[in-house]
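Contents: one structure, followed by commentary.
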Amino acid sequence: LPHETFLHCLSLRSNDSSSISRVIFTRQNSSYESVLEARIRNLRFNSSDTPKPLVIVTPTQISHVQATIYCSRKHGLQTRTRSGGHDYEGLSFVARVPFVVIDLFNFRSVDIDVENRVAWVQAGAILGELYYRIAEKSRTLAFPGGVFYTIGVGGYISGGGFGLLFRKYGTAGDNVVDVQFIDVNGRILDRESMGEDLFWAIRGGGGGSFGIVLAWKLRLVPVPENVTVFSVSRTLEQNATELIHRWQYIAPELPDEVYPSVQLRAINSTQDGRITVVASFISMFLGSIDELLPLMEQRFPELGLTRQDCTEMSWVQSIVFNNGIQNQPLEILLNRTYRNPVITPYYKIKSDYVKQPISETGLNGLFSRLTEEVASSTVIILFAYGGIMNRIPENATPFPHRAGNLYKIFYNVGWLEDDKVNAERRIDWARRAYNYMTPFVSKNPREAYINYRDLDIGSNNIGDTSYEQASIWGHKYFKDNFNRLVQVKTKIDPENFFKHEQSIPPR
Ligand code: FDA
């Protein structure tokens with residue numbers, strides 16, 4: 001059996017074989033399933049026909065990672081690295097060839113240095129642990145990360161990382177200052193020893209292509225003692241279409257301190273049982289209600305924002321609030337297994353970028369498709385761009401979606417256990433909505449966000465991957481930065497050991 005020679009190799013390589021044996025799980029091991037399933041967030045990838053790893057290694061020491069890379073190469077096994085397990089296509093724990101999962105959940109220390117405004121965070125920590133540890137030491141420091149706090153720092157920052165501070169401070173990858181990294185030869189590299197090309201590639205070029213990130217050194221950013229959050233909802237009957245049409249012009253031009261988004265859902269209107277669309281204008285502002293109200297009155301009077309719609313709170317509380325779990329103690333951010341009830345156990349997502357405002361007729365076509373799918377978890381979110389994103393060059397990191405974008409569209413269709421029979425129909429709905437949007441969104445390439453992984457836009461062959469085939473999805477995620485990613489890959493991993501369905505190929 002391939003994994004028996006692999007296991008033998010691991011015990012020979014490890015300088016302390018008793019310690020490595022405690023972090024190896026095979027199917028014979030009674031904890032194998034619970035270790036595997038603990039970080040499967042999307043149950044679409046936990047069915048009886050989902051391919052499972054031969055072995056899971058949960059390293060507690062760097063030497064365990066090095067030994068796993070060495071023995072996997074030697075015995076021809078693929079490895080998949082998992083930090084938080086949120087990959088939308090399950091690529092951190094599913095492969096169609098014999099494979100080993102390196103699950104970094106034990107690499108989770110977070111060290112905050114308030115004086116120098118930096119933090120060292122290990123890859124297996126979740127965003128919530130980072131936020132909580134920052135808040136323990138300072139109310140006026142933050143990290144520009146995502147809202148859903150069980151996301152792993154390892155995969156999130158590898159894909160750029162977008163969140164509510166991104167119009168002010170850029171992507172998470174823009175705020176990495178150093179790294180601890182292991183390459184295919186087991187060498188431990190930092191920014192200086194890896195050189196600027198590889199350091200550029202790993203801050204947005206997508207996880208699982210270049211090697212394994214063990215820890216990031218992050219820049220912490222200033223935030224006011226209190227931020228303001230608001231949510232204002234309007235149905236189609238309350239002029240939602242006109243408001244969204246205006247929003248497209250206004251939101252990308254708002255000051256960097258405002259983070260504007262719109263969530264769209266179909267609901268059964270309570271009055272007459274008809275189906276309508278509700279648009280929720282949700283924002284976070286780095287400042288007080290007194291500063292926000294006159295700004296919104298001047299820029300977007302049509303929204304009719306009032307003091308009652310707004311709440312002031314600390315930045316870290318705004319993370320909990322935006323998860324829809326107000327009145328919870330901050331300690332909930334440390335709960336790595338938390339499953340937010342707003343996210344269904346099964347889902348499929350897609351993404352788009354909008355560069356020209358969409359006409360009201362065009363928007364109405366999208367809303368009528370939304371009303372075909374009255375499921376609480378089917379949601380389309382518009383995330384405004386602009387702010388600092390217009391001022392950071394497209395090639396600063398692999399994340400290329402900068403100036404020229406008004407907003408990003410996130411399409412999410414989700415379903416519950418008892419609705420599994422309708423899974424294909426629901427996924428098909430997402431694809432049809434996406435097809436409908438073709439004339440209104442970016443073209444040549446039709447851009448997409450790597451962290452919103454979507455295998456519909458193209459994937460590599462299971463065996464060898466050609467540059468041509470990879471450039472189909474690669475240019476959508478990275479535009480011209482794809483070619484530089486290929487050059488870096490060719491240098492650091494020419495034999496393509498670190499690979500998956502959307503990994504960067506060497507030339
Ligand atoms: P996971 O462990 O699945 O890894 C993802 C990819 O990175 C895989 O290819 C994996 O092999 C690789 N990888 C993981 N750890 C690595 C390491 N240490 N070194 C090298 N490669 C590694 N995104 C966003 O930008 N903003 C957001 O607000 C959100 N919100 C959001 C909500 C929910 C509910 C989900 C499910 C996802 C998001 N995302 C997101 C997307 C998320 O950022 C993306 O899925 C990240 O890759 C997740 O990182 P994890 O470590 O959790 O994933």
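Brief remarks follow.
- Check on Ser231, of a type in the set (Ser, Thr, Tyr) and either farther than 26 Å from Phe285 by Cα or under 15 Å from the mean Cα position of the chain (by Cα) (or both): no
- Hits in segment 122-154 - residues which are aromatic (Phe, Trp, Tyr) and either part of a helix (DSSP H, G or I) or more than 8 Å from the ligand (Cβ to nearest atom) (or both): Tyr131, Tyr132, Phe143, Tyr149
- The set of residues in segment 310-339 being surrounded by 19 or more Cβ atoms within 10 Å (Cβ to Cβ) and among the charged types (D, E, K, R) is empty.
- Extreme residue, nearest to the ligand (Cβ to nearest atom), among residues of segment 108-121 that are in contact with a helix residue (DSSP H, G or I) (Cβ under 7 Å, 6 or more places away or on another chain) and in a loop (DSSP other than H, G, I, E, B): Arg108
- Residue within segment 449-460 that is touching a residue at least 60 places away in the same chain (Cβ under 8 Å) and part of a helix (DSSP H, G or I) present: yes
- Residue within segment 170-193 that is closer than 23 Å to Asn323 by Cβ and touching a His at 6+ places or on another chain (Cβ under 8 Å) present: no
- Considering segment 196-224, the residues that are crowded, with 21+ Cβ neighbours inside 10 Å and more than 16 Å from the ligand (Cβ to nearest atom) include one that is farthest from Asn185 (Cα to Cα), namely Val223.
- The set of residues from segment 257-314 being among the aromatic types (Phe, Trp, Tyr), without any contact (Cβ under 8 Å) to a residue 60 or more places away in the chain and assigned to a strand (DSSP E or B) comprises Phe281, Phe285.
- Options Trp429, Trp473: the member that is touching a residue at least 12 places away in the same chain (Cβ under 8 Å) and more than 30 Å from Asp190 (Cα to Cα): Trp429
- Residue in segment 411-421 that is of a type in the set (Phe, Trp, Tyr), closer than 19 Å to Gly161 by Cβ and modelled with pLDDT of 95 or more present: no
- Of all residues in segment 86-107 being in contact with a Gly (Cβ under 7 Å, 6 or more places away or on another chain) and closer than 18 Å to Ser34 by Cβ, the one that is nearest to the ligand (Cβ to nearest atom): Ser92
- Members of segment 122-162 found to be closer than 22 Å to Ile202 by Cβ, of a type in the set (Gly, Ala, Ser) and buried (at least 24 other Cβ atoms within 10 Å of the Cβ), listed by number: Ala123, Gly124, Ala125, Gly145, Gly152, Gly154, Gly155, Ser158, Gly159, Gly160, Gly161
- Number of positions in segment 323-369 that are touching a Leu at 6+ places or on another chain (Cβ under 7 Å), modelled with pLDDT under 95 and farther than 27 Å from Lys420 by Cα: 0
- Among the residues of segment 385-424, those identified as over 12 Å from Tyr353 (Cβ atoms) and part of a strand (DSSP E or B) are Tyr411, Asn412, Val413, Gly414, Trp415.
- Selection of segment 164-195 for residues being more than 14 Å from the ligand (Cβ to nearest atom) and of a type in the set (S, T, N, Q) yields Asn185, Ser193.
The values are calculated or read from the model by the stated rules, or taken from the named source; none is laboratory data. This structure is a prediction, so every number in the text was calculated from the model and none was measured. FYI the Cβ positions are ideal-geometry reconstructions off the backbone, even for glycines, and counts take in every protein chain you see.
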